[in-house]
Amino acid sequence: MADQPGPPAERINLVVLFGGQSAEHDVSRVTAAHVLRAVDPDRYAITAVGISRDGEWLLAESATAALGPAAESLVLPDGLPVDGRSTSAAPVLASAVASGPTVVLPLLHGPLGEDGTVQGMLELADVPYVGSGVLGSALAMDKAMAKQVLAQQGIAQSRWLSFTEHEVGARTADEVIEALGLPVFVKPANMGSSVGVSKAKSRDALTQAVDLALSYDERVVVEEAIVGREIEVAVLGNEQPRASVPGEIVPGHEFYDYDDKYVDDGARLLVPAPLDEGDKATVQALALEVFRALRCDGMARIDFLFEEGGRGFLCNEANTIPGFTPISMYPKLWQASGLSYAGLIDELVRLAVERHGRRRRNTKR
């Protein structure tokens with residue numbers, strides 16, 4: 001597939017939000033550094049805004065100044081620095097909109113960024129933004145709700161349980177083991193990048209894993225451990241989304257945890273995944289089905305576990321703001337499908353403008 005047409009000839013103000021208050025703050029900074037180096041300064045006027053861990057908005061002037069010929073000065077190993085003059089959403093967006101067409105690119109992984117909160121603010125500000133809307137973002141972020149929706153749609157998943165902090169009691173571990181057996185995976189319901197995820201092989205480990213997950217979120221999801229391959233598909237589009245070639249992750253650790261993703265670099269990414277044509281078509285169709293069921297827009301990476309000789313493809317989760325460095329799975333899958341990294345950014349901006357125009361036709365009467 002060749003690169004899609006980019007944004008209109010008129011230069012667009014691209015407001016890039018990064019950092020944020022979640023445990024994925026550092027991942028977001030690394031993502032933003034790569035995105036800023038890839039955007040075409042002839043197409044976009046960039047305003048980079050870092051959000052600190054305590055929620056302060058800061059104009060990332062050092063990052064913005066480093067664009068163009070000085071782009072090599074961007075701090076890539078540790079991500080963009082969250083520094084600069086203190087600001088807030090209103091003046092940043094008002095200034096950008098006053099000077100021309102504006103699109104916001106939220107690169108905020110996890111809660112208070114990927115969960116519909118920032119998206120709701122941008123809807124109220126009447127500004128186009130990249131990615132899913134309020135509902136799609138919130139649904140995909142909350143693994144428990146996403147699983148309920150997918151189950152209603154008949155999409156195959158691993159067996160799972162979910163409970164809140166106040167529901168945890170003395171018999172919780174026994175109830176989980178009775179329903180799902182051991183080992184199990186324990187996750188915060190609202191988190192990404194494998195933060196707070198544990199594989200529990202004993203009752204004591206399960207109790208500790210639940211405590212860890214509850215330190216990140218008030219709701220926990222527990223899933224049966226699946227012996228299978230990890231297959232991912234990138235989806236791009238709004239009303240007519242399309243699926244990339246599938247990719248496969250071969251973990252370097254016992255499972256694809258945070259350190260395996262971002263610290264040790266031990267995992268192998270196989271792009272495209274070694275699947276036969278029938279399995280490839282099946283997982284692509286399932287990815288599109290999940291994307292639509294969760295009301296996603298723009299982009300999402302849909303993750304599956306492939307239980308060969310058993311239940312086949314089991315949907316694990318959907319990520320509406322996936323990792324976006326050049327070596328992350330989402331852009332790598334699109335590159336293997338014929339769409340370059342820079343071209344992917346252009347297409348996401350175009351989709352943001354298209355979606356905003358469509359929604360405003362229905363809301364402004």
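This ranking places 24, 317, 114, 165 by how few other beta-carbon atoms lie within 10 Å of each, fewest first, which gives 165, 317, 24, 114. Selection among 17, 188, 125 by position relative to the dipole of the chain gives 125 as farthest towards the positive end (Cβ unit charges, Cα centre). Computed over the Cα atoms of the range 160-224, the ratio of the radius of gyration to the Kirkwood radius (Rg/Rh) comes to 0.91. Label-to-label distance for residue 149 and residue 218 is 2.1 nm, based on points extended 7 Å past Cα in the beta-carbon direction.
Sorted on the mean count of surrounding Cβ atoms within 10 Å across their residues, most packed first, peptides 297-306, 338-347 read 297-306, 338-347. Each Cα pair under 8 Å and six or more residues apart adds its sequence gap; the mean of these over the residue count of the chain is a relative contact order of 19 percent. From the alpha carbon centroid of the range 37-59 to that of the range 196-250 is 29 Å. Computed from backbone phi, the HN-Hα couplings of the range 226-242 come to 9, 8, x, 8, 9, 10, 10, 10, 8, 10, 9, x, 10, 6, 10, x, 10 Hz, rounded to whole numbers (Karplus: 6.51 cos²θ - 1.76 cosθ + 1.60, θ = phi - 60°; Gly and Pro given as x).
For the chain, hydrophobic long helices are taken as DSSP H runs at least 30 Å long by C-alpha position along their axis with mean Kyte-Doolittle hydropathy of -1.0 or more; these are 341-363.
Every number in this text was worked out from the coordinates using simple rules, so none of it is lab data. The shown structure was predicted, so the numbers you read here are calculated from the model rather than taken from an experiment. Neighbour counts are summed over all protein chains in view; Cβ atoms, including those assigned to glycine, are modelled from backbone coordinates with ideal geometry.
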